[in-house]
Amino acid sequence: MKKQKLTAYLSGLYMLSLQFSAALEAAISSKNLKKGQVLSHTAAIPGIWFIESGLAKGVYYDQNGKEHITRFWKQGEIMLLAKGVQPPAFTAEHIVLLEDSRLATLTSASLIFLYHTFPEASKLSAKMLLTDRNLGELRSYLCSLGGREAYRIFKQHFPSHRLLLQDIASYLEISPGRLSEIRRKST
């Protein structure tokens, strides 16, 4: 059986037993999804998706209906989405696919089975959460910088040429006009 990209990614986070890898391989399903599709999560178990190809953003909407972008994910990254953060936090409520994408995922039942059957599952989930938190901290860091420096570093982490100007501006918490000016001066 061809090793799934998700299994290879998880093996890089934590050493997996052969039995766990085999069970993981059997549980993974991959789906082709279209640009603009929205991933939401309603169950108590966090949603986990791996981007085999494509690009996505995490969004929430404020009381005025304005979209706020909290994350970007690109090929080779895990997307986590949990419901019911207490107290309410300014985190992504939805994931929006920015391109036609191929995603690998696990069902809630599979996640529960793997977690309760294999001892390494809890350590692996801790590594996944730490990795996700560290990637989430990047936005805080970028927003603490001036616009020009934030955009320069942003381009090192994300494929800016594949993202809309207004999405990048929302993520960096600067106006689209200011970002347009920064882009013009940086070329």
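The values are calculated or read from the model by the stated rules, or taken from the named source; none is laboratory data. The shown structure was predicted, so the numbers you read here are calculated from the model rather than taken from an experiment. Cβ placement follows ideal geometry from the backbone for every residue including glycine, while neighbour counts extend to all protein chains displayed.
Enumerate the pairs (first residue in the range 49-65 and farther than 15 Å from Gln37 by Cα; second residue anywhere and of a type in the set (D, E, K, R) and surrounded by fewer than 16 Cβ atoms within 10 Å (Cβ to Cβ)) with beta-carbon separation below 6 Å, excluding pairs fewer than 6 apart on the same chain, so at least 6 apart or on different chains.
Glu52/Arg102; Tyr61/Glu67
For residues that are at pLDDT 85 or above, within 12 Å of the chain's Cα centre (by Cα) and of a type in the set (S, T, N, Q), tally how many sit in the range 63-108.
Qualifying residue count for the region: 2.
Just name the residue that is nearest to the chain's Cα centre (by Cα) out of those in the range 111-144 that are closer than 12 Å to Arg71 by Cα and charged (D, E, K, R).
Here the answer is Asp132.
Just checking: which of the helices (runs of 4 or more DSSP H) contained wholly in the range 105-173 hold 2 or more residues that are of a type in the set (D, E, K, R), surrounded by 15 or more Cβ atoms within 10 Å (Cβ to Cβ) and touching a strand residue (DSSP E or B) at 6+ places or on another chain (Cβ under 7 Å)? Give the derivation first.
Numbers: elements: 108-117, 120-143, 147-157, 165-172.
Of the helices (runs of 4 or more DSSP H) lying wholly inside the range 105-173, those with at least 2 residues that are of a type in the set (D, E, K, R), surrounded by 15 or more Cβ atoms within 10 Å (Cβ to Cβ) and touching a strand residue (DSSP E or B) at 6+ places or on another chain (Cβ under 7 Å) span 120-143.
Check every one of the strands (runs of 3 or more DSSP E) wholly within the range 18-57 and list those with 1 or more residues that are closer than 23 Å to Tyr171 by Cα and either modelled with pLDDT of 90 or more or of a type outside the set (A, V, I, L, M, F, W, C) (or both).
Details: elements: 29-33, 38-40, 47-53.
Those strands (runs of 3 or more DSSP E) span 38-40, 47-53.
Output the residues belonging to the range 164-187 that are hydrophobic (A, V, I, L, M, F, W, C) and either in the same structural domain as Lys57 (by TED's automatic domain parsing) or touching a Leu at 6+ places or on another chain (Cβ under 7 Å) (or both). Write out each step before concluding.
Filtering the range 164-187 down to residues hydrophobic (A, V, I, L, M, F, W, C) leaves 164-165, 168-169, 172, 174, 179, 182.
Leu165, Ile168, Ala169, Leu172, Leu179 - these are the residues of the range 164-187 that are hydrophobic (A, V, I, L, M, F, W, C) and either in the same structural domain as Lys57 (by TED's automatic domain parsing) or touching a Leu at 6+ places or on another chain (Cβ under 7 Å) (or both).
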